[in-house]
Amino acid sequence: MEKREVIYEGKAKRLYSTDDPNLVIAQFKDDLTAFNGAKKDTEEGKGALNNKVSTALFQMLAQNGVESHFVKMLDDTNMLCKKVDIIMIEVIVRNVATGSLSKNLGIPDGKVLPFTLVEFDYKNDDLGDPKLNDQHCLILELVKNEAELDQLRAMARQVNDILRPYFYAKGLNLVDFKLEFGRDANGKIILADEISPDNCRFWDIATGEKMDKDRFRQGMGGLKVAYEEVLNRILN
């Protein structure tokens, strides 16, 4: 598989075209960003860890009936993926209140929610990824109809229903996470992007220690060690 030109570069990955028009290569970067890019740094080896975590989780989800863009891991930092047309909605799944949910609504940090909350954010850095309701999504033509919004919610809950007990068995509380979806060559909506400590919040069940990008957001240090621990628990 030949890696060709860069067709997209985001905060955490570069996408390259290949000699197959239906496949792309995602290269995981060591860059760290927070607060819509206001805080930046790099952590050597972070990209490789996210690639390995995402590979393991995409494979596990596929075994449980969740289709994604993942094809295979090529090497430490490169993943072969189906080319998809990304839906510009970030789907946020919350099991425990923290972060912006606590800040914006005053829900105590760490409060277990009475049910899993699914929210939509507009995938638009220039606007600061604002919250969306269903009408916003339709007005902006981010989806074709309300049925697709229901499908995004259902798929997000399905992923949560698989991942939450999976991580609990590994001693990690899946607090919240962000998913992205895209349309494949046949127009089918499938899971895309990545699933890693960059876009998930993991708290150690025994100690409450944060094992995700909050270590960077909050200046706690030890990010790479935490990511390595998440990977080790997934693999063992």
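Below, the figures for the structure above:
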read-out: Theoretical gain in end-to-end length, residue 161 to residue 129 [0.36 nm per residue, Cα-Cα removed]; value: 9.0 nm
read-out: Nonlocal amide H pairs with residue 124, under 5 Å, H built at 1.01 Å; value: 129
read-out: ³J(HN,Hα), Karplus 6.51/-1.76/1.60, whole Hz, each residue of the stretch 217-231, x for Gly, Pro; value: 3, 9, x, 7, x, x, 5, 4, 4, 5, 5, 4, 5, 4, 4
read-out: Residue 111 versus residue 232: modelled label distance in nm, points set 7 Å from Cα along the beta carbon direction; value: 3.6 nm
read-out: Sparsely packed GluC sites (Glu not before Pro) within the stretch 1-52, loop by DSSP, other Cβ within 10 Å at most 11; value: 2, 44
read-out: Selection from 166, 89, 147 lying farthest towards where the dipole of the stretch 85-222 points positive, charges on Cβ; value: 166
read-out: Taking N as its residue count, the alpha carbon Rg of the stretch 123-236 over 2.2 N^0.38 Å; value: 1.24
read-out: Estimated vicinal HN-Hα couplings, Hz - the stretch 81-89 in sequence order (Karplus 6.51, -1.76, 1.60; Gly, Pro = x); value: 9, 5, 6, 10, 9, 5, 7, 7, 10
read-out: Interchain or long-range residues, amide H under 5 Å from residue 176's placed H; value: 95, 201
read-out: Gained length - residue 209 relative to residue 225, 0.36 nm times residue gap less alpha-carbon distance; value: 4.5 nm
read-out: Karplus 3J(HN,Hα) series, Hz, for the stretch 4-9 with 6.51 cos²θ - 1.76 cosθ + 1.60 (x for Gly, Pro); value: 10, 7, 5, 10, 6, 9
read-out: Rounded Å value of the spacing that divides the Cα centres of the stretch 136-166 and the stretch 1-71; value: 21 Å
read-out: Estimated FRET transfer efficiency (residue 34, residue 2; beta-carbon r; R0 35 Å; 0.05); value: 0.50
read-out: Distance in nm between pseudo-label sites at residue 86 and residue 23 (7 Å out along the Cβ direction from Cα); value: 2.2 nm
read-out: Over 30 Å [Cα-Cα, the chain], rounded percent; value: 21 percent
read-out: Other-chain or far-sequence residues with amide H under 5 Å of residue 74's (modelled H); value: 79, 80
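Bear in mind that the values in this text are calculations on the coordinates, not laboratory data. All values derive from a computational prediction rather than experimental measurement. Every residue, glycine among them, receives a Cβ derived from its backbone with ideal geometry; neighbour counts consider all protein chains shown.
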